[in-house]
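Contents: one structure, followed by commentary.
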Amino acid sequence: MELLPRSPAEFGSARYWDHFFRQRGQRPFEWYGAFPELCPVLHKYVRPRDKVLVVGCGNSELSEQMYDVGMCEDIVNIDISDAVIRQMQERSASTRPKMSYLLMDMLQMDFPDAHFQVVLDKGTLDALLTDEEEATLAKVDQMFAEISRVLQVGGRYLCVSLAQAHVLKKAVEYFSQEGWVVRVHQVASSGDKQQFVLPVFVYVMTKFRKIPGSAAQILEICPEEQDKPMRVESVEQLVAAVKDRQHYALLCSRISKTPCREQVSLDLCDKESGKPRYTLHVVDSPSVKPSRDNHFAIFIIPQGRETEWLFGTEEGRRQLAASAGFGRLLTVALHREQHYEGMAGIQAELSGKVMELAPPGLPARQQVPFLSVGGDIGVRAVRHCDSSPLSGEFVVEDVKGDGNCYFRRLIFLQNRNVVQSEARLLAPTPLPGQKKRRKDKKKPGPTELPGAIDKSYLCCEHHKAMVAGLCLLGGPDALPGELAVLVVGLGGGSLPLFVHDYFSQARVAVVELDPSMLEVATRWFGFSQGDRMQVHISDGLDYVAKLAAEGTISEPQYDAIMFDVDSKDVTVGMSCPPPAFVEKPFLQKVKTILKPEGVFVLNLVCRDARLKESVLATLRDVFPLLYTRRIQGEVNEILWCQPGPAGRRSPAELGARARVLEGALRQPGRPWDSSYVLADMLQAVQIL
């Protein structure tokens, strides 16, 4: 501990370093970056005939090792510590005659201009730039100016550094503004226990003549796992890219020593595009008793199924990990913008990287299994990509579910983990760019997906609960007759289509703000308008307000009003509906256009407990009768609201009513999803 400086300023003091090296003796002191780790990068930029200057050499073995392996011999080492220069001269004089050690201050060097092809700095800049005080920055500018002076055009300044943000930013800004090409290499770890948890980087600054008036910058980064550099547009992006790699190293260090109390999430990006390719979640199961074969496993989530509860929620992944029986399960989600070469290709691509996330106590050379559903990576085909000013970028994609079931989904990319709309598909159709299947094949192959929409199937559990709310209408024994239904929020159109098709006398009006959604629903989800189905492109708030104004001089118009509207404001803890839709003045307008015995059905998705309680209180103020139905495994909660308390029914009465209604809806020759039992939707209902 007596070797540590009393203040950062002592790092620039010759007196301090003389004391340091006298106390340390002959033992080499390496700040970081052992020669075997640095060698692959140095070999790229140091040629055997180069004249190399090492600034702040200390008693590091780096120069000696470069000399001994034949990388280069014409090496000049300088340092401000007389003690260490004498020590190193004695150590190498007889065995390395072409290498020299000189007592010299790198801020005032005696060498002529353009004297070297390479200047090598291992930790010296980090030691000098300990703060951002004016005096310190002036010394750094002087250091850089001297390095620039003694380097030839085309020469390289190689700086080995831990890349603290202020150090990296200073170096990159200085040399890029001088017209130099800047490239940052991450040094590959040897896998041995390191002195530093943070990764080591090498800045490679290549000197070019500055072109007057040119503001062009060439900034690149080379991650440890690839040789091809990635171009970045700004100093800030380069600093951020390095910071990402530092955070990853700290994460790997932390979870390799202790189990994760909370799930850890990270993205692995494509080497070419820089876009996310894999999303990983690290899930530890403390309840699993460790044995040799159950420490660690990788679970590949089939394409398109990452939004399902089991894979897309913390609780679902926790259940998946426990049922898999591994102490640590690493789930891997595949991104729709990427191409994958099957399970074997993914395994080859990830094998090295995932081992960096292995749990503590993993036996050496332990075989880590790759798991999936059915042993494959699933099927995903993007059918349509587009964007709108209101909804942003969105995609329509077909994915394979359990067994041979296929689904079509609408995804808003601003919230890509949420399925906006979903429909089950039927008859096979070839994938884009593929030939049609032979007629003798009975099962869909990997080159085709079903195409026609199964309108009898409601994929979303909250849609099933919303339809079940219609049980509150009509008498105890009859199917509701002519119904006037208003649906605010079209999406893919599954909800209004189901009401239209199964309630044969229903007249359905749909209000949708985004005209692009009507086009998507019509083209991709089998939606169509007719005498009993009309879509109005309008803001739901304005549409209801207009009807309410008309309703003051006429009878209420609707038996049922359904709100299934998402919010684009991610800063609010409620993603459905937008807050304006549950404000009291607006809800009173909804009540105005609802018949006295009607039902208002609201899909509520609210993670903010206080906000949710406020919404429920407002609803109770407006609607005396309020039922709630939580959707298991989801945040959704369906609220059925009625204008008067006279229609109150007990859960048992609701169940009886549901069986009568379902019986009426199940007509001969009309398909019905056998898993959809209306009475089940009403079993967990609470009356607020």
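The values are calculated or read from the model by the stated rules, or taken from the named source; none is laboratory data. Remember, it's a predicted structure, so these values are computed and weren't measured experimentally. Cβ: placed from backbone, ideal geometry, glycine included. Neighbour counts: every protein chain shown. The protein model used for the area step is the full one, side chains on, heavy atoms only, and it has no ligands, DNA or RNA in it. Shrake-Rupley method; radii C 1.70, N 1.55, O 1.52, S 1.80 Å.
A few notes on this one:
- Residue, farthest from residue 381 (Cα to Cα), within segment 320-342, restricted to residues that are open to solvent by 30 Å² or more (accessible area, probe 1.4 Å), in contact (Cβ under 8 Å) with a residue 24 or more places away in the chain and not in a loop (DSSP other than H, G, I, E, B): 322
- Of the criteria (1) in contact with a helix residue (DSSP H, G or I) (Cβ under 8 Å, 6 or more places away or on another chain); (2) open to solvent by 20 Å² or more (accessible area, probe 1.4 Å), which one residue 312 fails: (1)
- Qualifying positions in segment 367-414 - in a loop (DSSP other than H, G, I, E, B), farther than 16 Å from residue 333 by Cα and either open to solvent by 20 Å² or more (accessible area, probe 1.4 Å) or among the β-branched types (Val, Ile, Thr) (or both): 367, 368, 369, 389, 390, 402, 403, 404, 405
- Condition met for residue 216 (aliphatic (A, V, I, L, M) and surrounded by fewer than 16 Cβ atoms within 10 Å (Cβ to Cβ)): yes
- Residue within segment 343-358 that is touching a residue at least 24 places away in the same chain (Cβ under 8 Å), loosely packed, with under 15 Cβ neighbours inside 10 Å and not assigned by the TED database to the domain that holds residue 280 present: no
- Subset of segment 590-634 (residues that are surrounded by fewer than 19 Cβ atoms within 10 Å (Cβ to Cβ) and farther than 24 Å from residue 654 by Cα): 592, 607, 608, 609, 610, 611, 612, 613, 614, 618
- The single condition from (1) open to solvent by 20 Å² or more (accessible area, probe 1.4 Å); (2) at pLDDT 90 or above that residue 61 fails is (2).
- Test: residue 164 is farther than 30 Å from residue 365 by Cβ and of a type in the set (S, T, N, Q): yes
- Residue in segment 484-497 that is at positive phi and either in a helix (DSSP H, G or I) or modelled with pLDDT under 85 (or both) present: no
- Residues (within 16 Å of the chain's Cα centre (by Cα) and among the aliphatic types (A, V, I, L, M)) located in segment 301-317: 301
- Among (1) surrounded by fewer than 19 Cβ atoms within 10 Å (Cβ to Cβ); (2) of a type outside the set (Asp, Glu); (3) farther than 24 Å from residue 205 by Cβ - the single one residue 43 does not satisfy: (3)
- The one condition from (1) surrounded by 14 or more Cβ atoms within 10 Å (Cβ to Cβ); (2) over 25 Å from residue 500 (Cβ atoms); (3) at pLDDT below 85 that residue 578 does not meet is (3).
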